[in-house]
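Enquirer: Got a structure for you, questions after.
Please treat every number below as a calculation from the coordinates, not as lab data. Note that the structure is a prediction, hence the values are computed from the model and not measured. FYI the Cβ positions are ideal-geometry reconstructions off the backbone, even for glycines, and counts take in every protein chain you see.
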Amino acid sequence: MKSIQQLIQDLRAIHSQEEIASKVNASQSLISRWEAGHVPSSAEVVVSLMKLHDDALAPRELGGLDSAA
């Protein structure tokens, strides 16, 4: 399982911190702290972040990595 920091770093390839924050109902400064490696405090926001990651990046990973193998 990926860490919160890894999830955010993946999402930053296609979203700004502000966009991520808006989509998971968190502040941009909280996303910044998480991206820097600090531990998140709200399970609800973590679940939203994981869902955003899966929804945004799963099609790219399947199409980009699996087809090249």
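Enquirer: Please count how many residues of the stretch 18-35 are touching a helix residue (DSSP H, G or I) at 6+ places or on another chain (Cβ under 6 Å) and charged (D, E, K, R).
Expert: Matching residues across the stretch 18-35 total 3.
Enquirer: What tally of residues in the stretch 49-58 results from selecting those that are free of Cβ contacts under 8 Å to residues at least 40 places away in the same chain and under 14 Å from SER3 (Cα atoms)? Break it down stepwise before answering.
Expert: So in the stretch 49-58, the residues free of Cβ contacts under 8 Å to residues at least 40 places away in the same chain come out as 51, 54-55, 58.
Remaining after also requiring under 14 Å from SER3 (Cα atoms): 51, 54.
Residues that pass the stated criteria total 2.
Enquirer: Quickly run through the stretch 19-44 and pick out the residues that are closer than 22 Å to ALA58 by Cα, out of contact with any Lys or Arg (no Cβ under 8 Å at 6 or more places or on another chain) and surrounded by 12 or more Cβ atoms within 10 Å (Cβ to Cβ).
Expert: GLU19, ALA21, SER22, LYS23, VAL24, ILE31, TRP34
Enquirer: Could you list, ordered by first residue, the pairs with Cβ atoms under 6 Å in which the first is in the stretch 21-36 and touching a residue at least 24 places away in the same chain (Cβ under 8 Å) and the second is among the β-branched types (Val, Ile, Thr), at least 6 apart or interchain?
Expert: VAL24/VAL45; TRP34/ILE4; TRP34/ILE8; GLU35/ILE8
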